[in-house]
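This report refers to the structure that appears directly beneath it.
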Amino acid sequence: MEYVRPIKEIEVIFLMKRELKKQSSRNYLLFVMEINTGLRISEILSLSIKDVYQNREPVDFLKLKREDVYLNAQVKRALRWFGKKHPFSNPESYLFLSSRGKTAISRQQAYRIINRAAENVGLSEKIGPHTLRKTFGYHAYKKGIAVSLIQRRFCHHTPAETLRYIGINKEQVKPQLDINL
């Protein structure tokens, strides 16, 4: 498996979103969900319609075995857009259906979708679903989310493991205690 880095530049994320939105609502939703939840690709691909919609509206939280995951405004907006384009005849069906229509897309197909979009926007390094998970962690950390919370989402054993995973080196670590009384 190749080592991938997070996408650190917000502009590149917007370019990727635009590219994927041109391709399909499914591909766009896959990208938006991954960079906004930090879930494993296997968790994302196993989602069904009933996991994310209630009465055709996006749910507030995904109920997963290991934790409940909040769906932010970006994800809900993408889900609403996706819902307008797809009839929900079977709530048991996978959210990210393959072109054959019975199973979810594979991890390899998700990789191809993300990597092709990256190439189309001019990124030279390999990018796949794991990149998106790391991107979530990187930007959550940069916005001030406690590393312990990111560590829990990623099921890492130590904060150092999480920081290494999201591409933060020792020189970039901010002091965690900044009291302004």
Can you check what the net charge comes to around ARG153, using other residues whose Cβ is under 13 Å from the Cβ of ARG153 (Lys, Arg +1; Asp, Glu -1)? 0
Total charge dipole magnitude, region 5-113, about the Cα centre, Cβ charges on Lys, Arg, Asp, Glu only, Debye to nearest 20: 360
Net charge of neighbours whose Cβ lies under 11 Å from the Cβ of VAL75, counting Lys and Arg as +1 and Asp and Glu as -1: +1
Given (i) 16.8, 60; (ii) 18.4, 69; (iii) 16.6, 66, which label gives Rg and Dmax of the Cα atoms in Å as computed from the coordinates? (i)
Could you give the nm distance between label points at LYS143 and VAL12, where each point is 7 Å from its Cα heading toward the beta carbon? 1.9
Stretch in the chain that is longest and holds no trypsin sites (Lys or Arg not before Pro) that DSSP places in a loop and that have at most 14 other beta carbons within 10 Å: 9-55
Where GluC sites (Glu not before Pro) in DSSP loops with at most 13 other Cβ within 10 Å are excluded, longest remaining stretch of the chain: 10-66
Distance between the C-alpha centers of region 60-90 and region 98-176? Whole Å please. 19
Net length gained if the chain between ARG116 and SER98 were fully extended (0.36 nm per residue, minus Cα distance): 4.8 nm
First select every other residue whose beta carbon is under 13 angstrom from the beta carbon of LEU15; then total the charges, Lys and Arg +1, Asp and Glu -1. 0
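Each value in this text was obtained by applying a stated rule to the coordinates, not by laboratory testing. Note that the structure is predicted; figures quoted are calculated from it, not measured. Every residue, glycine among them, receives a Cβ derived from its backbone with ideal geometry; neighbour counts consider all protein chains shown.
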